[in-house]
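Engineer: For reference, the structure I am asking about is given below.
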Amino acid sequence: MNTVLEALPFAGMLLGMALLPLLVPHLWEHPAGPVVLVCVCSVPVLLLAVFTGEFHGLLHSIGDYGAFIVLIAVLYVIAGGIHISGHPRGTPLVNVAFLGIGAIAASLIGTTGASMLLIRPLLQANAERRHKAHIVIFFILLVSNAGGLLTPLGDPPLYLGYLNGVPFSFPLTLWKTWLLAVVYLLTTFFIWERRAFAQETPVDLALEAAHETPLVIRGRVNLVLAGAIIALTALGIPSPFREMAYGIVMLLSLVLTPRGVRDANTFHYGPLKEVALLFFGIFATMGPAIRSLEQIAPHLPVGKPIGLFFMSGALSSVLDNAPTYLVFASLAAARAGFGTHLGLLAQHAPQLLAAVSVGSVLMGANTYIGNGPNLLVKAVAEGAGPSKTEMPDFLTYAAIALLTLAPLYACVAWFTFA
């Protein structure tokens, strides 16, 4: 019974994030909405730590939270300092190029950074087209999710693993799965896109050609700074010196970015503040939940890669994939006899950790709430002025994503984890 009670605040936090935006969107969009959720879920955990004197686990979680948010912040600031303007023609080949570049950028500056950097110029390139919702859907599948599989910087779940002892190079061992996902999604998109492009009217295509202008990239100093972030992370500098170095890079980005670039990106700190608040609640409540799950790990089917792949992926579809990854990776480590040491899991049972990593990253694309960038891209697409794109509702998007990704999941499960 105590095991269940300790996990309730964490479960409440994840369910609140998943359901409140759908059930009470107006209340959730109010600034106080996320604050209330975080307080209701995290305060009991904080009070329990005070009364029981169990501060060690809580302090460890808060330390991981600080390191996690600093990385998210620096990537957000760097991406906001790069502005891509211009109006290329939204042809199938141009759109495939956008998605391919985004898939690579996602592992370098994160899925959030790559999504926010490329979604606006992609929408602008297809502003005159009538059949374009599929372009944004595939952008979410590839750039906002699958593309981030190669490095800890790529997707929040993988960085949580890095903070908990997984080597920086471990995601690189997943390159075959990354390549399979990228090639499959680009090929499927190109087939769909050619049919959609053929349905455009000659008037719309002529208008698009008349508005064509070359792409211009401003704030290119931030590309160098992104490379510095990759190098600092790969060097394995210990915390808090790593976070101090990230802070210096973030300051350099704010100082060196030409004036007006962030204004052109409509850059502001609102999304970052919301992410910081929600993840505080997640990290504060996650420790007791993981300790509780360790006790029941022997009774769960987490000893085989294929089970971990589908279980972590299924929950990542309806909950945020970052805490889902950490919970299932910890369960796999406990079941294998490594406690919560994910570094030992990566060293001695890499297939188990690979299954959790791939499942959490790929299946976070199944719904709008599976990964943070999904909703951000949807919001940008629906509010992009002249290049506005009508996106499908929650259930329609989920159906399209699952039907599109099901062959990929089957191939990954059969050839990699079966």
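Engineer: Would you kindly find the accessible area of M250, with a 1.4 Å probe and non-protein molecules such as ligands, DNA and RNA excluded, rounding to the nearest 10 Å²?
Structural biologist: 50
Engineer: For labels at H348 and E382 in the simple 7 Å Cα→Cβ model, what's the distance in nm?
Structural biologist: 4.8
Engineer: By how many nm would the segment from L235 to L22 lengthen if fully extended, with 0.36 nm per residue of separation less the alpha-carbon distance? Don't jump to the answer; show the numbers that get you there.
Structural biologist: On the way: separation 213, 0.36 × 213 = 76.68 nm, distance 4.16 nm.
Once the chain is fully extended between L235 and L22, it gains 72.5 nm.
Engineer: Sticking with this one: Working from the pairwise distances between different alpha carbons, so that the mean of 1/r is found and then inverted, what is the range 157-200's Kirkwood radius in Å?
Structural biologist: Details: mean 1/r = 0.0779 Å⁻¹.
About 12.8 Å, per the Kirkwood formula over Cα pairs.
Engineer: Which order do L395, L5 take when ranked by solvent-accessible area (1.4 Å probe, heavy atoms of all protein chains), largest first? If you can, show how the numbers build up before the last one.
Structural biologist: Numbers: L395 135, L5 85 Å².
Result of the area sort, largest leading: L395, L5.
Engineer: Work out which helices of the chain, taken as complete DSSP H runs, extend at least 18 Å along their axis over the Cα atoms and score a mean Kyte-Doolittle of 1.0 or more, then list them. Could the numbers behind the result be given before it?
Structural biologist: Details: long enough: 2-23 (31 Å, 1.59); 32-52 (30 Å, 2.42); 55-80 (37 Å, 1.61); 92-125 (24 Å, 1.45); 175-198 (34 Å, 0.81); 221-234 (20 Å, 2.24); 241-256 (22 Å, 1.62); 270-296 (39 Å, 0.88); 305-318 (20 Å, 1.49); 321-335 (21 Å, 0.75); 350-363 (19 Å, 1.60); 394-412 (26 Å, 1.92).
Once both thresholds are applied, what remains is 2-23, 32-52, 55-80, 92-125, 221-234, 241-256, 305-318, 350-363, 394-412.
Engineer: Along the charge dipole of the range 5-136, pointing to its positive end and built from +1/-1 on Cβ of Lys, Arg, Asp and Glu, which listed residue (F55, F98, G66) has its Cα farthest out?
Structural biologist: It is F98, whose Cα lies furthest towards the positive end.
Engineer: Still on this structure, I have one more. If you average 1/r over every pair of different alpha-carbon atoms in the range 268-373 and take one over that average, what Kirkwood value in Å do you get?
Structural biologist: On the way: mean 1/r = 0.0713 Å⁻¹.
Averaging 1/r across every pair of different Cα atoms and inverting gives 14.0 Å.
Engineer: From the P(r) of the range 349-418, could you give the percentage of C-alpha pairs in the tail past 19 Å? Walk me through the numbers before you get to the answer.
Structural biologist: On the way: 1087 of 2415 pairs.
The answer is 45 percent, as a whole percent.
Engineer: So what are the radius of gyration and Dmax for the Cα set of the chain, in Å?
Structural biologist: Over the chain's Cα set, Rg and Dmax evaluate to 21.1, 72 Å.
Engineer: Averaged per residue, what accessible area in Å² does the chain show with a 1.4 Å probe, protein chains only?
Structural biologist: Numbers: 17980 Å² over 418 residues.
The answer is 43 Å² per residue.
Engineer: Let me ask something else. Given springs between every Cα pair under 10 Å in a Gaussian network model of the chain, which of V224, V358, V45 has the largest fluctuation?
Structural biologist: Top of the fluctuation ranking is V224.
Engineer: Compute the orientation-averaged projected area for the range 76-213 from the convex hull of its Cα atoms and round it to one decimal in nm².
Structural biologist: On the way: hull surface 32.6 nm².
In nm², the orientation-averaged hull projection of the range 76-213 is 8.1.
Engineer: Find, to one decimal place in angstroms, the Kirkwood hydrodynamic radius of the range 232-327, where the mean of 1/r is taken over every pair of different Cα atoms and then inverted.
Structural biologist: Working: mean 1/r = 0.0581 Å⁻¹.
Final number for the Kirkwood radius of the range 232-327 is 17.2 Å.
Engineer: For the pair F415 and L179, how long in nm is the line joining their label points, each one 7 Å along Cα→Cβ?
Structural biologist: With each label point 7 Å from Cα toward Cβ, the separation is 1.0 nm.
Engineer: Take the chain, connect every pair of alpha-carbon atoms lying under 10 Å apart with a spring to form a Gaussian network, then pick out the residue of S239, S316, S42 with the largest mean-square fluctuation.
Structural biologist: With Cα springs under 10 Å in the chain, the top fluctuation among S239, S316, S42 is at S239.
Engineer: Sticking with this structure for a sec: Please give the calculated 222 nm ellipticity per residue for the chain, where each DSSP H segment of at least 4 residues contributes -39500 (n - 2.57) and the sum is spread over every residue; nearest 500 deg cm²/dmol?
Structural biologist: Numbers: 19 runs with 300 residues, N = 418.
The per-residue figure over the chain is -23500 deg cm²/dmol.
Engineer: Can I ask one more? Go through 403-411, 365-373 and give me the packing order, highest mean Cβ count within 10 Å leading.
Structural biologist: Details: 403-411: 15.2, 365-373: 26.3.
Ranking, from highest mean packing down: 365-373, 403-411.
Engineer: Taking R0 as 56 Å, what's the FRET efficiency between L254 and H299 from their Cβ-Cβ distance, rounded to 0.05? Provide the component values of the computation, followed by the final result.
Structural biologist: Working: r = 50 Å, r/R0 = 0.90.
Here the calculated transfer efficiency is 0.65.
Engineer: Ignoring ligands, DNA and RNA, please state the percent of accessible area on the chain from carbon and sulfur, probe 1.4 Å. Intermediate results must be reported in sequence, preceding the final value.
Structural biologist: Details: 12950 of 17980 Å².
Percent of accessible area from carbon and sulfur atoms in the chain: 72.
Engineer: Tell me, what is a quarter of the convex hull surface for the C-alpha atoms of the range 9-164, in nm² with one decimal? Walk me through the numbers on the way to the answer.
Structural biologist: Details: hull surface 45.3 nm².
About 11.3 nm², averaged over all directions.
Engineer: In a Debye calculation with equal point scatterers on the alpha-carbon sites of the range 17-72 and no solvent, what is log10 I(q)/I(0) at q = 0.15, 0.29 Å⁻¹?
Structural biologist: -0.62, -1.03
Engineer: Mind ranking 14-22, 327-335, 28-36 by how tightly packed they are, going by the mean number of other C-beta atoms within 10 angstrom, highest first?
Structural biologist: Values: 14-22: 17.3, 327-335: 25.7, 28-36: 14.3.
Put in order of decreasing packing, that is 327-335, 14-22, 28-36.
The values are calculated or read from the model by the stated rules, or taken from the named source; none is laboratory data. On a predicted model such as this, the values are computed, not experimentally measured, just so you know. Note that we place each Cβ from the backbone using ideal geometry, even for glycine, and neighbour counts take in every protein chain shown. Accessible surface is based on the protein model in full, side chains and every heavy atom, while ligands, DNA and RNA are left aside. Shrake-Rupley method; radii C 1.70, N 1.55, O 1.52, S 1.80 Å.
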